[in-house]
1. Can you give the Kirkwood hydrodynamic radius of the stretch 305-388 from its Cα pairs, in Å with one decimal?
2. Would you work out what percent of the accessible area of the chain, with all protein chains in place, is carbon or sulfur (probe 1.4 Å)?
3. Can you tell me the accessible area per residue over the stretch 403-447, all protein chains present, probe 1.4 angstrom, in square angstrom?
4. For the pair Ile21 and Lys408, what calculated FRET efficiency results from E = 1/(1 + (r/R0)^6), where r is the Cβ-Cβ distance and R0 = 30 Å, to the nearest 0.05?
5. Rg to Rh for the stretch 402-488: what is it, with Cα atoms only and Rh by Kirkwood?
6. Order Ile503, Ile468 by their accessible area, 1.4 angstrom probe, all chains in place, largest first.
7. Excluding ligands and nucleic acids, what accessible area in Å² is computed for Tyr78 using a 1.4 Å probe, to the nearest 10?
8. So, R0 is 45 Å and r is the distance between the beta-carbons of Leu401 and Val150; what FRET efficiency does that work out to, to 0.05?
Amino acid sequence: MNSYGVWVITLALLYTLALIIAGNVAKRKAGRGEQYFIGGRTFKWWTVAFCITGLFSGSTYISIVELSYLTGISAIWYGVAETLQVLLIALLLIKSFREKLIVTITGLIGDQFGRRAKALSGAITAFAFPMWSVATAIAFASAFHVFTGVSLSLSVAFTALLLFVYLQSGGMWAVAFTQTMNTIVFALMFIIGAAAFFIKPGISGLQQLAVEQPGMFDWDGAGLQVILVWFATFLVNVILAQAAFQMALSCRTPEEGQKGLIVAEVMSIPFILFGILFGLSAAAVVPDASLGLIALPRYLMGVLPAPLVGMFFLGIWACALGWGAPCQFSGATSLGKDVGSAIFPDASPEKLVTYTKWSLLLLTGLMIVFGFLRTEQSAWWNVLAWTMRNSATFAPVVAALFWPLVTKRAVLGSLFGGFTAGLLWYHLSNWHPSDFFLNIHPVWVGMSVNILTMVVATVVFSYGTWKISAASPVKSSAVLGAVAVLLAVNAVFHETLHAAGVIGLTLFLNVLALFIGSIMFIKPKPAAGTVKKEAVF
């Protein structure tokens, strides 16, 4: 181990120790029951801003560093897509969700469709979160590996154990404190990284990179289909971002939660810009690395002294914590609180907290197992997690909010059908992170089956309880026009869309338009004896 490794380990351990102590202090505030899960709904707007910044901006920064090293400035669209997601959550959902006192998405499904739906959706969601945690933890593990020689798998295991020790103490209060401290460490990382850039390669170095690799400065360098998938994935995730909801809904009022999300939007800008700058700098100085997360520590070792490199990678460690801690905690909440209450409906709030702490231990073990299985493929874990969670829960969440006609049987079929179809398609793709069967991403297959199963089951098994209800001419024309246009586009440009890798996305948009039309036009019949009131003018 060299001096760089000593500094990285020392600073990470000291920072970790401080957070663990703080977590035990937070335990006094955690209280009982809902206090543990949502911080007593007492967070102020700046706490929400720090929480969301640590969750999304930290993970986005890591992704952008990697993407910009490989594809250049087009990585900015990943950050733009993530920013748009947070903005839509702030403008469209946070007030209504806060007023309904929602804790988790799986809890929302269970409240509407019963204990079996809660148990199934909670288990699927819970087991997806350690996969996302592993994907981000690999970023710090890569630097740890370069500096110390410790294997990537053991580095991920160290991260997982840290998260468990920390989170089991203070719950949501511990998460909030972590994200606040991480924000300070992020600022130090940006300052140190900017200094490294001006030392080497500087502006002239980037100009030289532009001459040697002009494609690195193309706005579509990552490929149109990849950029479209980024936007589509984040837009779909607006209604499923459980970890973000759980933190934002811990606010005192809906207005404070909304303000915190919007402030987090502004705070995300440096993460996007510096992520691109550092990725390009590593590409200019260390062009022969296979991964940006391996090139970055090699680049900084040649530019900065060991203490500053240690401080910089303390920021990367903070990014891993900022994403991993909320993911593990939210997953444990789904498993302990939602699945636990579904299996044991008479369990007390204190008992559900105990279940959640045990769930943290289980998810920690899963995270370590995942890390040993495929440590080098963070993209693989991301694809699998998206496929599992989104393929199962998208349609049930929409139905819980907007379609009262849907039955418990339809939701259970939708959960199981979408989940199974997504994993089956991934299996047909030989579990590859980017080369998919028929060039169609498994998440679009899973989500399409998820929606179609719900619509068909609702229409068939609820026959006689629903009617076709006319909508306004504008809405009717918009939905029918969208379906017609999307079908025409898929038919006429099928080969082009397939070659570009977006045929799955466009087919999913067809299914989504059908889903929206079903919600608008298929309505429950009035109950027997109900007299429809006529408007009085």
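The values are calculated or read from the model by the stated rules, or taken from the named source; none is laboratory data. This one's a predicted model, so the numbers in the text were calculated from it and none came from an experiment. Positions of Cβ are backbone-derived with ideal geometry, glycine not excepted, and every protein chain shown enters the neighbour counts. To get the accessible areas, we keep the full protein, side chains included, count just its heavy atoms, and leave off ligands, DNA and RNA. Shrake-Rupley method; radii C 1.70, N 1.55, O 1.52, S 1.80 Å.
1. Here the Kirkwood hydrodynamic radius works out to 14.9 Å.
2. In the chain, the share of accessible area belonging to carbon and sulfur is 70 percent.
3. Here the residues of the stretch 403-447 average 45 Å² of exposed surface.
4. In this case the efficiency is close to 0.05.
5. Checking Rg against Rh, the ratio lands at 1.08.
6. Correct descending sequence by accessible area is Ile468, Ile503.
7. 50 Å²
8. With R0 = 45 Å, the Cβ-Cβ based efficiency is 0.45.
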